[in-house]
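Here's the structure we're looking at; comments come further down.
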């Protein structure tokens, strides 16, 4: 059976990008991250990111020097970002010698902020989807991991960017009672005030449903008690 051309082309493209990821001997760009110098193909970056497009194609010095300085970036987050740009994939698992790793969930949140910082919309969407999938199950470790992520979600993400916050609020409504049994949460309510307000508003919305009155036939919002 002849494989569809579109599928073949897609697989060939993925294989080619994976080859470039592994072999950067002809890379035309250098990213300085901390004390590391990372060789990168600019074509892996600028098509996915308006930020890097300006760096590589605009009238900035980076376009002529071929050097981009991201000295404050976490090298392991940069590595994951490059893995996404080349191969549309990255791992939230801890890398060897990765001292800044806290949890899978924390890595997903941090990758969302990386996507936001460098305007890589696909990376943000991927991180948010992973976050939502990861929080589809409930266990005590996940609840504590989530609690540790809240400051990053509410401080490192701009207020108008609601995608990750909305995902956090949805999970927050599921574990609302559990949170109040955790001293780190109930003893520091001021530190979670925006999150608490968002969850309370969500719970209020969920307590109203569109229902038809059996007596008069009118439809409207009805409070669901209990």
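Once every DSSP H run of n ≥ 4 in the chain is given -39500 (n - 2.57) and the sum is divided by its residues, what mean residue ellipticity at 222 nm do you get, rounded to the nearest 500 deg cm²/dmol?
-16500 deg cm²/dmol
Based only on Cα atoms, what mean projected area does the convex hull of the stretch 1-90 have, in nm²?
Mean shadow area of the hull around the Cα atoms is 6.8 nm².
Give the average over all directions of the projected area of the C-alpha convex hull of the chain, one decimal, in nm².
So the Cα hull casts an average projection of 20.2 nm².
Can you run the Rg to Rh ratio on the stretch 57-186? Use alpha carbon positions and the Kirkwood inverse-distance Rh.
Rounded to two decimals, Rg over Rh is 1.02.
Would you mind classifying the stretch 146-194 by shape? Square roots of the alpha carbon gyration tensor eigenvalues, ordered a ≥ b ≥ c; an a/c under 1.5 is rounded, otherwise it is prolate if a/b is larger than b/c and oblate if not.
oblate
Calculate, in nm to one decimal, what residue 144 and residue 95 gain on full extension: separation in residues at 0.36 nm each, minus their alpha carbon distance.
15.5 nm
At 0.36 nm per residue, and after removing the present C-alpha to C-alpha distance, how many nm does the segment from residue 28 to residue 104 gain when stretched out fully?
Contour length minus Cα-Cα distance gives 24.1 nm.
Quick one: if the Förster radius is 35 Å, what FRET efficiency do residue 18 and residue 162 give, using the C-beta to C-beta distance and rounding to 0.05?
0.55
Any read-out appearing in this document is the output of simple, stated calculations on the displayed coordinates, not a laboratory observation. These numbers were taken from a predicted model, which means no experiment stands behind them. Glycine gets a Cβ as well: all are built from the backbone with ideal geometry, and neighbour counts include every protein chain shown.
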